[in-house]
Structure formats: C-alpha cells, structure tokens
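Before any comments, here is the structure.
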C-alpha cells in the first residue's frame, strides 16, 4: 500500500483495531483520539487518507471532513460511524467524503475501502499532474513571448517610459513571473515522478553540473529585483544523482531567494563538503520564515505562507515540495534555518559518492 494513514476516533479500541488491521500493509499509521488532535496532526504532517469517526465530543467527523476538504483538497477522507443512516451518508458524501464505513466493521471491509481510497488518490493525482504538464508545455511559448516583449519595453529599448507606463509593465512582468513559476512547477512535478532508482546512479558534480548553468540563467542573473547572486564553490566532490533534477532544486531555491529577498541585497550560494555529505546552501536577506513554519509547513504541497513583506508575491506553492521530493529520491536531506524578518538559508545535503573510495 505504501500510504500514510490517519485514523481519528474517540474510542481507543477502534484505534487499536485499525493499527492491528493495517500493521502488515506497508503503511505509515497515525491515530488521534479527538477531532481536535486529528486536525492538528493533519496540519503538521500530510496524509494520503484520513479515516474519521462521525460522532465525537468537541469537533465531530463532519467538521473534520469540511475542514480538510477546504485546507487540503488532495487528502482523501473516509467516514466511519456507529450511527449509520441514509441521511448521514448522503451528507458525508455531499461534503466530499470518499466513502462511508458503518460500525462495527470487519478487517476486510475497512481494508478494502482504504485500499480503494489510496488507489483513487494516486490515480487522480497522476492524471491531474499529467494533464497539467501537457497544458503547461503548451503555455510556455506564448508566455515567453509576452514576457520578453514586456521586458524589452520595460528596459527602455524602444524609448523612455512614463512612470505610469512602467508601473503597468511591472504588473505584467510580475504576473508573467507567477505564471512561469506555475508552468515550470507542473512540468517539473511531472518529470520528478521517477521511481527508477537507476536514474540516480550517475556520478555528477553539483557545482559543475547544476549550479554553474543555473546561476547563468537570465531570470536569475539579471533579475529585475537587482539582487546579485554570488556563488562560492568551496569543494565540489561527486555525488550520485540526476543532473536535471538537481538543477530543478538549485533553480527553485534561487528563484525563491530572489522572489522573497530584500531588493538590492545579495543571494549567496555556497557548496562545500561537510563530513560525508556535500552541502549546498542558498541564503538571502528578506522577510525570512517563522520557526514554526520552517518545521511544519514550508515543504508541504500547495503551501503558501502569508506573512508581512510578501504581499502581492505570488507562487505555485510547489517549489519547495518539489525540492524535498527530489532530495528525498537522492537519499539526501533538506532543511531551513533563519530569523524571521531578517534572513533565511536553505541547506541541501547529499551523500558524497567518493566516501570510502
């Protein structure tokens, strides 16, 4: 099964039964004894399927369902209850529940429903990503034409502009950058869904094969926020990896550093060996991120942080999620540190391929 499951019920015997039923299903299992605890766990860690009791003290299952459908529409929710009737079943399905399990249930009954829920989620997500990738490819060329034309006008190649005209072009360029971010993210996401580990057995160097080309990209090197990107390659030992995917990681981190950095400041990229790892760090000065968000939110899919200093800055909410998925596939680690309102640094550590050689 290979899924992350969360079971929410105020009856301990039910939670223990669920753990026992799915113990041999190759699934990650979490439980919560109340709706409040369940929502807290679902917000702190993403799950594929949430199975929640309908009648509980405090926040009931229907409220859990409505909240998750609003906050995490990609999560599949299943309702189970001892108060089964046509009315509650209809309301649960109307509010977006995948299925409905009456209590008492047998191990086979709950396993079948949860397995179907996992399959439905995987199938729907894959089809949606494929569709979005196709559409994104088709949008790339016309968007690039609009962006290039607007940037040419903005830089004054066809004559000096009035302030009002510059403001209009800045709005166009900001929206082009947002659309480019969305398009690139969906294309990256479709390419990233790779399960063939042999693709990551090629020896490469992060500095030579990923950093050098990425820092030279015009949107990064000559960004409109006048932020200079300074790359310091202290050491560039080989790693086992996919050069294309690691370029995506470097580009996403640099794009974010420019997008959320303080205009006119430097973005610093460093690459060095630390023990058995090769560590890439991208640091910028700017709004930073709270420690709570760094721990719980920044690497989640479609997560968009709302904080002072980022008003009007748009993004797909996929960049850091994609980075983490790629780094995980390379058996590496990605994390952040910083000070809210001042600076933030993202670190990527990958095992050096020459260790023990």
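Throughout, read-outs are computed from the coordinates displayed, never taken from laboratory work. Because the structure is a prediction, the values reported are computed rather than measured. Ideal geometry is used to build each Cβ from the backbone, glycine not excepted, and the neighbour counts take in all protein chains shown.
Report the FRET efficiency, 1/(1 + (r/R0)^6), for residue 149 and residue 94, where r is their Cβ-Cβ distance and R0 is 45 Å, rounded to 0.05. For residue 149 and residue 94, the calculated efficiency is 0.40. As a length-normalised measure over Cα pairs under 8 Å and 6 or more apart, the relative contact order of segment 197-357 settles at 25 percent.
Stretching the chain fully between residue 55 and residue 221 yields a gain of 54.1 nm (0.36 nm per residue, less the alpha carbon separation).
Going from the fewest other Cβ atoms within 10 Å to the most, the residues 248, 29 appear in the order 29, 248. Calculated from the alpha-carbon coordinates, segment 4-105 shows an Rg and a Dmax of 12.3, 35 Å respectively. Modelled spin labels at residue 175 and residue 274, positioned 7 Å past Cα toward Cβ, are 4.2 nm from each other.
With neighbours defined as other Cβ atoms within 10 Å of a residue's Cβ, the residues 154, 260 order from fewest to most as 154, 260. Find the relative contact order for segment 1-96 and round it to a whole percent, using C-alpha pairs within less than 8 Å whose residues are 6+ positions apart. The value is 28 percent. Stretching the chain fully between residue 44 and residue 139 yields a gain of 30.8 nm (0.36 nm per residue, less the alpha carbon separation). Between the alpha-carbon centers of segment 167-187 and segment 55-81, tell me the distance in whole angstrom. With segment 167-187 and segment 55-81 each reduced to a Cα centre, they are spaced 35 Å. When 56, 204 are arranged by Cβ crowding within 10 Å, least crowded first, meaning fewest neighbours, the order is 204, 56. One chain, two ends: residue 24 and residue 11. Fully extended at 0.36 nm per residue, the span grows by 2.5 nm beyond their Cα-Cα distance.
Taking 7 Å steps out from each Cα toward its Cβ at residue 167 and residue 342 produces label points 3.5 nm apart.
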